[in-house]
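Encoded as structure tokens, the structure appears first; notes follow it.
The values are calculated or read from the model by the stated rules, or taken from the named source; none is laboratory data. None of the values given here were measured: they were computed from a predicted structure. Please note: Cβ atoms are built from the backbone with ideal geometry, for glycine as well, and neighbour counts cover all protein chains shown. Accessible surface is based on the protein model in full, side chains and every heavy atom, while ligands, DNA and RNA are left aside. Shrake-Rupley method; radii C 1.70, N 1.55, O 1.52, S 1.80 Å.
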Amino acid sequence: MSFAISQTSLTARSSSAFTSSVRVNRATRMASRHSSSSSKVSLVTKCEGPTAKNLEIMRKFSEQYARSSGTKFCMDKSVTAVVIQGLAEHKDTLGSPLCPCRHYDDKEAEVKAGFWNCPCIPMRERKECHCMLFLTDDNDFAGDDSTITIEEINEAIEDM
Ligand code: SF4
């Protein structure tokens, strides 16, 4: 199964302000192959990068929630890495891990509403993660485990 995705096809923007958007877009492109709801998915973050503290918090959260929900990470860990990165950036800027794979007109209002704070309601109720962070066993992109190291995350981020 190939994960080759052209970076140039993801976005024409090259400004560093949109670097995070490019990263998350990679994950959402993959998600769009699998999820019919992904047509609503778009890009979100404009941060320069998350703090190490929140990156580690969201890494641990993701591992723990995957275990407790019986889901797996994507077989391509770079997808997992960019979603965790996006969650950490939102935790930095908003104080909550708002889903990084969606467009919001008002992020602060969305945080207060709570629907898209990770784990979002679709994930909690139906195990539907359109970011492809938490995948059920029947998902073609599900890997074998639900672990990722901070080194794997940083490596994936640097490669973007
Ligand atoms: S569980 Fe929901 S909020 Fe968390 S990454 Fe997946 S889609 Fe986004």
For this session: Could you tell me whether the range 67-82 includes any residue that is without any contact (Cβ under 8 Å) to a residue 40 or more places away in the chain, in contact with a helix residue (DSSP H, G or I) (Cβ under 9 Å, 6 or more places away or on another chain), of a type outside the set (A, V, I, L, M) and not in a loop (DSSP other than H, G, I, E, B)?
Result: no
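Looking only at the range 83-105, which residues are in contact (Cβ under 8 Å) with a residue 60 or more places away in the chain, within 22 Å of Asp159 (Cβ to Cβ) and within 11 Å of the ligand (Cβ to nearest atom)? Spell out how you get there, then give the answer.
At the first step, the residues of the range 83-105 found to be in contact (Cβ under 8 Å) with a residue 60 or more places away in the chain are 84-86, 89, 100-104.
Add one more test, that the residue is within 22 Å of Asp159 (Cβ to Cβ), and what stays is 84-86, 89, 100-101.
If the condition is that a residue be in contact (Cβ under 8 Å) with a residue 60 or more places away in the chain, within 22 Å of Asp159 (Cβ to Cβ) and within 11 Å of the ligand (Cβ to nearest atom), then Ile84, Gly86, Pro100, Cys101 are the ones that fit.
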Exercise. Looking at Ala142, Ala81, Ala156, Ala109, which is the one that is aliphatic (A, V, I, L, M) and surrounded by fewer than 14 Cβ atoms within 10 Å (Cβ to Cβ)?
Worked result: Ala109
Seminar exercise, completed: Ala88: passes all of (1) open to solvent by 20 Å² or more (accessible area, probe 1.4 Å); (2) in contact with a Leu (Cβ under 6 Å, 6 or more places away or on another chain) but (1)
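Could you please give the count of residues in the range 106-160 that are aromatic (Phe, Trp, Tyr) and either modelled with pLDDT under 95 or away from the ligand (no atom under 12 Å from the Cβ) (or both)? If you could, list the steps in order and put the result at the bottom.
Kept after step one, since they are aromatic (Phe, Trp, Tyr), are these residues of the range 106-160: 115-116, 134, 141.
So of that shortlist, the ones also either modelled with pLDDT under 95 or away from the ligand (no atom under 12 Å from the Cβ) (or both) come out as 141.
Matching residues across the range 106-160 total 1.
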